[in-house]
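Student: Below you'll find the structure I mean.
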Amino acid sequence: MSRNTISGGTASTRILGWPVELEVELGSGGRFALTADRLESLTTLLNAAEGVSLASAEAHSKADLVRVCLTVEAVDPYDAFDRVCVLVRDRVSHAGLGPAVLVGARAGTTRPAAGWRMG
């Protein structure tokens, strides 16, 4: 029995909350578009997505990078990364931060803080 299934007459998949951290590089013009209001908008958009909780976004001070931490409901870590990568790229664009390139992804080691923070 794997940790994602429940024993019984029929095996059913168990949905868990997986913490994920991503680093996203903003495309051209991203440096000028990166404001506290847009980071707050990104956090709001991520928290509003189905199956997402505890999203936060923070800017790195010397680069056009944004670190996004969130917890997503998924059946396993692979499913979590698949969902998060597509979601974050879409929401970064909708928040007015321009095109984004995923430059790093890892499993979150701690629960992300809710809210946003600059630098």
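Every number here is computed from the coordinates shown, using simple stated rules; none is lab data. What you see is a predicted model; the values in this text were computed from it and never measured. Using ideal geometry, Cβ is built from the backbone for each residue, glycine included, and neighbour counts are taken over all protein chains shown.
Student: Restricting to the range 35-59, name every residue that is touching a residue at least 60 places away in the same chain (Cβ under 8 Å), aliphatic (A, V, I, L, M) and surrounded by fewer than 20 Cβ atoms within 10 Å (Cβ to Cβ).
Tutor: Selection gives 36, 54.
Student: Please go through the range 60-83 and give me each residue that is touching a Lys or Arg at 6+ places or on another chain (Cβ under 8 Å) and either surrounded by 19 or more Cβ atoms within 10 Å (Cβ to Cβ) or closer than 20 Å to residue 25 by Cβ (or both), ordered by number.
Tutor: 60, 64, 71, 72, 74
Student: What are the residue pairs meeting all of these: first residue in the range 67-94, first residue on the phi < 0 side of the Ramachandran plot and among the charged types (D, E, K, R), second residue outside any helix (DSSP H, G or I) and buried (at least 20 other Cβ atoms within 10 Å of the Cβ), Cβ atoms under 7 Å, and 6 or more apart or on different chains?
Tutor: Cβ pairs passing all conditions: 83/72; 83/74; 89/100.
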